[in-house]
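The values are calculated or read from the model by the stated rules, or taken from the named source; none is laboratory data. Computed from a predicted model, the values in this text were never measured in an experiment. Virtual Cβ from ideal backbone geometry, glycine too; neighbours counted across all protein chains shown.
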Amino acid sequence: MGKLQAREYAPDFEMLDLDGRLLRLSDYREKTVLLTFFRYATCPFCTMRFVRLSQEAEHLGELGVHIIGVFESSPASIRAAMSRRGLPFPLIADPSGVLYGRYGVKTSFIGMVLGMFRVPTLMRALRDRDYRFARPESAFSRLPADFLIGPRREILAAYYGADIGDHMPLRQIGHVLKGNVSSSLVA
């Protein structure tokens, strides 16, 4: 599947979250969702993004944004890597990459190489006392992606990472919600 664009409808899904609850995008009718695709549970860049989203979850909730995270890892690996940090929003384990395919989230050798130049983020992860390095469970060259999805399942912003550490800047979420930025934020 190709990349999704703003103004398209977000594909619905039925997946179990880490607590075994059935999670459907259609259950979030009349709500705004940030659907964020991480790489694998022990990715240092994804760890730092997860920490940042965890810190901002309450603020985003005040803006009416519900976060759903997706990892291309097993539930056990996600729990081992993230549960020490608390789980302030639902996480989906998608080790087979089905949801990644449905949303057009790709892999890129060039994006993998470029991401290695994000040295400050990499160093923060390695200094984090809760970070645990482990062998990747999924495609090492998987790129992250973020989708801000409106109350009627319309994609307000689609952001495909250019490298393995590239996520939608959080300030863009506020801009999109306020209507200050064009809704086609694909990078």
Query raised in the report: Quick one: would you say ALA80 is of a type in the set (A, V, I, L, M) and either touching a strand residue (DSSP E or B) at 6+ places or on another chain (Cβ under 9 Å) or modelled with pLDDT of 95 or more (or both)?
Result: no
Query raised in the report: Just wondering, is there one or more residues in the stretch 96-113 that are loosely packed, with under 13 Cβ neighbours inside 10 Å and among the aromatic types (Phe, Trp, Tyr)?
Result: yes
Report summary line: Matching residues in the stretch 72-89 (closer than 18 Å to TYR100 by Cβ and without any contact (Cβ under 8 Å) to a residue 40 or more places away in the chain) number 0
Query - Residue in the stretch 55-73 that is over 15 Å from the mean Cα position of the chain (by Cα) and under 15 Å from CYS43 (Cα atoms) present - result: no
Requested in this report: Hey, could you check the stretch 36-52 for residues that are closer than 15 Å to LEU87 by Cα and modelled with pLDDT of 95 or more and say which is nearest to the chain's Cα centre (by Cα)?
Outcome: THR36
Requested in this report: Report whether or not LYS31 is touching a His at 6+ places or on another chain (Cβ under 6 Å) and surrounded by fewer than 16 Cβ atoms within 10 Å (Cβ to Cβ).
Outcome: yes
Query raised in the report: What are the pairs, 6+ residues apart or on separate chains, where a residue within the stretch 147-175 that is in contact (Cβ under 8 Å) with a residue 24 or more places away in the chain and closer than 26 Å to GLU30 by Cβ has its Cβ under 9 Å from a residue that is in a loop (DSSP other than H, G, I, E, B) and acidic (Asp, Glu)?
Result: PRO151/GLU30; ARG152/GLU30; ARG153/ASP12; GLU154/GLU8; ILE155/GLU8; ALA158/GLU8; TYR159/ASP166
Query - Scope the stretch 7-22; condition touching a strand residue (DSSP E or B) at 6+ places or on another chain (Cβ under 9 Å), within 24 Å of ALA139 (Cα to Cα) and touching a residue at least 24 places away in the same chain (Cβ under 8 Å); matching residues - result: ALA10, ASP12, PHE13, MET15, LEU16, ASP17, LEU18
Report summary line: Going through (1) within 18 Å of SER138 (Cα to Cα); (2) assigned to a helix (DSSP H, G or I) one by one, GLY69 fails only at (2)
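Which residue is surrounded by the fewest Cβ atoms within 10 Å (Cβ to Cβ), if the candidates are limited to the stretch 7-28 and must be out of contact with any Lys or Arg (no Cβ under 6 Å at 6 or more places or on another chain) and part of a loop (DSSP other than H, G, I, E, B)?
Within the stretch 7-28, the first condition is being out of contact with any Lys or Arg (no Cβ under 6 Å at 6 or more places or on another chain), and the residues that meet it are 7-8, 12-13, 15-28.
With part of a loop (DSSP other than H, G, I, E, B) added as a condition, the list becomes 7-8, 12-13, 18-21.
Numbers: ARG7: 12, GLU8: 13, ASP12: 12, PHE13: 18, LEU18: 19, ASP19: 10, GLY20: 7, ARG21: 9.
So the residue we want is GLY20.
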